[in-house]
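The values are calculated or read from the model by the stated rules, or taken from the named source; none is laboratory data. Because the structure is predicted, anything quoted here is derived from the model rather than measured. Cβ sites come from the backbone with ideal geometry, for glycine too, and all protein chains shown count toward neighbours.
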Amino acid sequence: MYEGPVQDLIDELGQLPGIGPRGAQRIAFHILAAESEDVLRLADVLRRVKETVKFCEVCFNVSEGERCRICNDARRDQTTICVVEESKDVVAIERTREFRGLYHVLGGAISPIDGIGPNEIKIRELCQRLADGTVTEVILATDPNLEGEATATYLSRLLIPMGVKVSRLASGLPVGGDLEYADEVTLGRAFEGRRYVEA
């Protein structure tokens, strides 16, 4: 459609998740219209990210060092691990300030349709972390979708015989939501996870 570098830029931007052809075109033309120093700063940040950011050798969260700041924090509860699919899930949970344990980032979820089985994500490494008996509870915080549920079920069956307590994040109705707009699965989960009210 466009010539040379402009089309190349649109094509590359279109490869990013959540950006379709129109979004890629809008971003490309925004970059073309931006000041040179702004574009160079963006390019420099992209280069630095690829050169300096790696994955924590313990939990596989993003990190600038061999270990992430959470694994290096001795104040964290060493007996509890929260298992998530991606590093962005760690950020979401940390924002709540409710969890003070450690994390384990799987790097995805089991999805046979996409050719992702248990060996393609960091399940073996999770089992190795549990081997010394320090961890007493594993919280499964995978996404509440088909792949996340399959991963949680697989992990539950694998981890319970190892003698650790396994829990799953509750799911159900969002605060501020309306019952009439909830799908059947969400509403079913809300009934399953209901709590009794104390007087």
In the range 104-127, which residue that is among the β-branched types (Val, Ile, Thr) and part of a helix (DSSP H, G or I) is nearest to the chain's Cα centre (by Cα)?
Ile123
Hits in the range 78-98 - residues which are in a loop (DSSP other than H, G, I, E, B) and either crowded, with 19+ Cβ neighbours inside 10 Å or touching a residue at least 24 places away in the same chain (Cβ under 8 Å) (or both):
Glu85
Tally, over the range 161-199, of residues that are part of a strand (DSSP E or B) and of a type outside the set (A, V, I, L, M)
3
For the range 135-156, does any single residue satisfy the condition of being in contact with a His (Cβ under 9 Å, 6 or more places away or on another chain) and either touching a residue at least 60 places away in the same chain (Cβ under 8 Å) or within 29 Å of Glu57 (Cβ to Cβ) (or both)?
yes
Residue in the range 133-142 that is modelled with the lowest pLDDT, counting only those that are of a type outside the set (Val, Ile, Thr) and surrounded by fewer than 17 Cβ atoms within 10 Å (Cβ to Cβ)
Gly133
Of (1) in contact with a helix residue (DSSP H, G or I) (Cβ under 6 Å, 6 or more places away or on another chain); (2) outside any strand (DSSP E or B), Arg75 satisfies every one except (1)
Some residue of the range 147-160 being in a loop (DSSP other than H, G, I, E, B), of a type outside the set (Gly, Ala, Ser) and surrounded by 17 or more Cβ atoms within 10 Å (Cβ to Cβ)
no
Residue ID - farthest from Cys127 (Cα to Cα), chosen from residues in the range 154-199 that are of a type in the set (S, T, N, Q) and modelled with pLDDT of 90 or more:
Ser167
